[in-house]
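K.L.:
Got a structure for you, questions after.
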Amino acid sequence: MKKQKPQKNLSYNKDKKTMNKRFLIGTPTMGTVRMEWVNGRFGQIIPTNFSLADVQQYVSPYIPYQYSVADAENLIAKTAIEQKFEWLLFWEDDNIPPNDSLVRYNEYMIREDTPIISGLYFTKSVPPEPMVYREPGTGYYGDWKLGEKVWVKGIPFGFALIHGSIIKALWDESPEYMVNGIVTRRIFNTPAAAHVDPATGAWLSETGTSDLAWCKRIIENDIFTKAGWPEYAKKEYPFLLDTSIFVRHIDRMTGIIYPTGVPKAFLDKKMTWTESVKKIRATE
């Protein structure tokens, strides 16, 4: 699929004449990481003729006082905008991708035909659930085999690659706010609201994660078109999840790596995730 050039007023043109840097890795973190994560981060195979920069943005569990995850993401986005990075990779501090993941993502960056890509990882739970989301509020989507590329409406941010034009389009229409004395913009936001339905009198609340809320905003605000990717605005499922990038999800406290158990038929690519789970349940 050939991508149209992003709009010139976004300062992210395909000819890269306005681009200063190519690739930024952003990590929201509370400051403590597992050695397994360190090995995964710094044990990556680096592609030839490749340049990257790192930014770690500290998060506090005391959300009212310091940074929430969304605040940290917005500060990382500020760096990407101010230094004009072509690509931003969100790499959270509990996700351990395969050692060739940067090589795989480099292929996407060279082709520059897909603006948003995520790797595959699972929830920290037993049984595990793949974080692959097609329709809002319907649970995970499992009708795919390991190694396939799956198009979805929602991706997680644990290991997600985003073209800078998307960040810039959101930045241009996001309100400013202050985070610990630093002015940034609210590109990312964690849903947390409550109100009374005037028709029924029912008390309704809305909660969620910044990644899925961000995906919803991309679609509803026609960000693909504004960022110069109109063909993706027309897609029913515009986000790509590459399941060949199988990311491990580690518990920072215990060191348990999820998923703790995966059906062999799924690993052998003989069954979809849904089929393999049904087979196991039928024998229980």
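The values are calculated or read from the model by the stated rules, or taken from the named source; none is laboratory data. Quantities reported herein were computed from a predicted structural model and do not represent experimental measurements. In this analysis, Cβ positions are derived from the backbone assuming ideal geometry, glycine residues included, and neighbour counts consider all displayed protein chains. To get the accessible areas, we keep the full protein, side chains included, count just its heavy atoms, and leave off ligands, DNA and RNA. Shrake-Rupley method; radii C 1.70, N 1.55, O 1.52, S 1.80 Å.
K.L.:
Identify, by number, the condition in (1) at pLDDT 95 or above; (2) open to solvent by 30 Å² or more (accessible area, probe 1.4 Å); (3) assigned to a loop (DSSP other than H, G, I, E, B) that THR114 doesn't meet.
P.N.:
THR114 satisfies every listed condition except (2).
K.L.:
Go through the range 218-235 and give me each residue that's surrounded by fewer than 17 Cβ atoms within 10 Å (Cβ to Cβ) and of a type in the set (Lys, Arg).
P.N.:
LYS234, LYS235
K.L.:
To continue, here is another question. In contact with a Leu (Cβ under 8 Å, 6 or more places away or on another chain) and assigned to a loop (DSSP other than H, G, I, E, B): does that describe PRO136?
P.N.:
Yes.
K.L.:
Count, please, the residues in the range 122-166 that happen to be under 16 Å from THR272 (Cα atoms), among the basic types (Lys, Arg) and within 18 Å of the chain's Cα centre (by Cα).
P.N.:
Residues flagged as under 16 Å from THR272 (Cα atoms), among the basic types (Lys, Arg) and within 18 Å of the chain's Cα centre (by Cα) within the range 122-166 amount to 2.
K.L.:
In the range 236-250, which residue that is surrounded by 15 or more Cβ atoms within 10 Å (Cβ to Cβ) and of a type in the set (D, E, K, R) is farthest from VAL103 (Cα to Cα)?
P.N.:
So the residue we want is ARG248.
K.L.:
Would you mention how many residues in the range 251-282 are open to solvent by less than 70 Å² (accessible area, probe 1.4 Å), among the charged types (D, E, K, R) and within 30 Å of VAL33 (Cβ to Cβ)?
P.N.:
So the count comes out to 1.
K.L.:
Just name the residue that is farthest from PHE224 (Cα to Cα) out of those in the range 151-169 that are open to solvent by 10 Å² or more (accessible area, probe 1.4 Å) and touching a strand residue (DSSP E or B) at 6+ places or on another chain (Cβ under 8 Å).
P.N.:
As a first pass, look at the range 151-169 and keep what is open to solvent by 10 Å² or more (accessible area, probe 1.4 Å): 151, 153, 168.
So of that shortlist, the ones also touching a strand residue (DSSP E or B) at 6+ places or on another chain (Cβ under 8 Å) come out as 151, 153.
Numbers: TRP151: 15, LYS153: 13 Å.
Here the residue is TRP151.
K.L.:
Mind checking which pairs have a first residue in the range 151-168 that is free of Cβ contacts under 8 Å to residues at least 60 places away in the same chain and within 18 Å of ILE96 (Cα to Cα) and a second that is of a type in the set (Val, Ile, Thr) and surrounded by fewer than 24 Cβ atoms within 10 Å (Cβ to Cβ), Cβ under 8 Å, 6 or more apart or different chains?
P.N.:
PRO156/THR209
K.L.:
Which of the residues belonging to the range 117-133 are closer than 20 Å to ILE218 by Cβ and in a loop (DSSP other than H, G, I, E, B)?
P.N.:
Hits for the range 117-133 are MET131, VAL132.
K.L.:
Could you please let me know if MET30 is among the aliphatic types (A, V, I, L, M), open to solvent by 40 Å² or more (accessible area, probe 1.4 Å) and either at pLDDT 90 or above or in contact with a Lys or Arg (Cβ under 7 Å, 6 or more places away or on another chain) (or both)?
P.N.:
The answer is no for MET30.
K.L.:
Just checking, does the range 78-91 include any residue being at pLDDT below 85, open to solvent by 50 Å² or more (accessible area, probe 1.4 Å), of a type in the set (S, T, N, Q) and over 27 Å from SER244 (Cβ atoms)?
P.N.:
no
K.L.:
Another one. Taking ALA213 and the conditions (1) surrounded by 15 or more Cβ atoms within 10 Å (Cβ to Cβ); (2) assigned to a strand (DSSP E or B), which numbered condition does it fall short on, given that it satisfies the others?
P.N.:
All conditions are met except number (2).
K.L.:
So, one more: Looking only at the range 23-48, which residues are touching a residue at least 12 places away in the same chain (Cβ under 8 Å) and part of a loop (DSSP other than H, G, I, E, B)?
P.N.:
MET30, GLY31, THR32, VAL33, ARG34, GLY43, GLN44, ILE45, ILE46, PRO47
K.L.:
Select from the range 117-136 the residues that are open to solvent by 50 Å² or more (accessible area, probe 1.4 Å) and over 23 Å from GLY261 (Cα atoms) and list them in ascending order.
P.N.:
Listed by number, the residues that qualify are ARG134, GLU135, PRO136.
K.L.:
Another one. Checking ASP172 against (1) acidic (Asp, Glu); (2) modelled with pLDDT of 95 or more; (3) open to solvent by 80 Å² or more (accessible area, probe 1.4 Å): exactly one of these is not met. Which one?
P.N.:
Answer for ASP172: the failing condition is (3).
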